[in-house]
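First comes the structure, then the notes that go with it.
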Amino acid sequence: MSDNRIRIHEVVTRDGFQMEPRFVPTERKIELINQLSLTGLAKIEVTSFVSPKAIPMLADAEAVMAGVARRPDTRLVALVANPRGVERAIAAKVDEVVLVVSVSESHNRTNVRRSVGASFDGFGEIVEMLKGTGVGIAAGLATTFGCPFEGAQPLERVLSLIGRYVELGVTNIALADTTGMGNPRQVREIASAAVREYPQVEFALHFHNTRGMGLANVLAGLEAGVRRYESSLGGLGGCPYAPGATGNICTEDLVHMLHEMGLETGVDLPRLLDAARLLGRIVEHELPGQVVKAGTSHDLHPMPEPVA
Ligand code: COA
Ligand code: ZN
């Protein structure tokens, strides 16, 4: 496996389904995850073990984890917000839990109903709980590229919160543009600073395409040296606690772009497109993904017959 490989983390069944207007039946979630596991994605964020009152669409987290097929190359991960969620995630045998805190106090309070400091205090307990379980730990930093309530966040604050994760021994960190406020120049600045300051951290970038800047932000992230990206099949997604949040960057459009650029992802694009079509049938509404509609750049068309 070359070091230049870009790793894709799929978040559709968590970030995507949490925002769906209708509950996606458990067996349909399982069917989709099993198809996605065959495509070569590095990670799938299967679900979250949070309060079902906060996120009713993912109230079936245990049943989904129990029903999915496990494959050695794809890590199945789940978002958690408190020790109760970690207990549930360990019992459900996830490969990895994903902690989440926001850079902005106001978004953190809205999302998990506590201060940023209180979130980190709780993470200490979670790190202890996970010791010896074999369950890995990764983390997200929401609103890194802007908060819908407070606007842009100071770079020093972003860096110091990364530092707090590092102090806890957490070195897989996704910098998230929760509501698609980031622009490529800012992404390059923040991601470059993070990579420079914390060479021991394996960074991922999590983008939403709310304002059409998603794939441009990926390019900026690549230029900053980041090799992991979180995206959602079909471009589904959002955060119910962030006004205006819409779809994540679309996985199949991202993989297509990277392959066209000559970069390797290990993802089987035709299979991924099949999964995107399955997703369309599951949610029964149009999806923002473009390659599934247009075909790949290599799908050539017959020339039209000359008009007589
Ligand atoms: N799993 C299941 N139930 C949980 C739970 C968990 N991990 N954590 C809390 N609950 C339940 C409690 O039992 C309680 O239920 P009750 O009202 O029937 O007694 C209720 O949820 C509230 O619990 P409490 O501890 O008071 O939490 P809170 O109201 O302060 O909310 C969180 C804090 C973190 C639990 C909640 O805000 C949450 O789950 N947020 C997740 C947000 C999210 O996933 N956002 C999208 C991703 S960025
Ligand atoms: Zn998101």
*When only Cα pairs under 8 Å and 6 or more residues apart are kept, what is the percent relative contact order across segment 22-150?*
22
_Suppose all protein chains stay in the model; what accessible area per residue would a 1.4 Å probe give for the chain, in Å²?_
43
*What whole number of Å gives the distance from the Cα centroid of segment 61-78 to the Cα centroid of segment 9-25?*
15
*Would you mind telling me which residue in Leu205, Leu263, Leu41 has the biggest mean-square fluctuation in a Gaussian network model of the chain, where springs connect alpha carbons within a distance under 10 angstrom?*
Leu263
*Rounded to 5, percent antiparallel among DSSP beta bridges of segment 141-218*: 10
*Find how many whole Å separate the alpha carbon centroid of segment 124-162 from the alpha carbon centroid of segment 193-230.*
15
_Residue of Asn108, Asn248, Asn209 that the Gaussian network model of the chain assigns the largest fluctuation, springs spanning Cα pairs under 10 Å_ = Asn108
*asked:* How high is the relative contact order of the chain? Use alpha-carbon pairs under 8 Å, at least six apart in sequence, and give a whole percent.
replied: 19
*Given q = 0.07, 0.15 Å⁻¹, what are the Debye log10 I(q)/I(0) values for segment 7-294, with equal point scatterers placed on the Cα positions and solvent ignored?*
-0.22, -1.13
_Give me the count of lysine pairs in segment 7-294 whose alpha carbons sit under 28 angstrom apart, restricted to pairs 8 or more positions apart or on different chains._
10
*Percent of accessible area on segment 1-142 owned by carbon and sulfur, 1.4 Å probe?*
51
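The values are calculated or read from the model by the stated rules, or taken from the named source; none is laboratory data. Please read these numbers as outputs of a predicted model, since none were measured by experiment. Quick note on the areas: whole protein, heavy atoms, side chains included, nothing else; ligands and nucleic acids left out. Shrake-Rupley method; radii C 1.70, N 1.55, O 1.52, S 1.80 Å.
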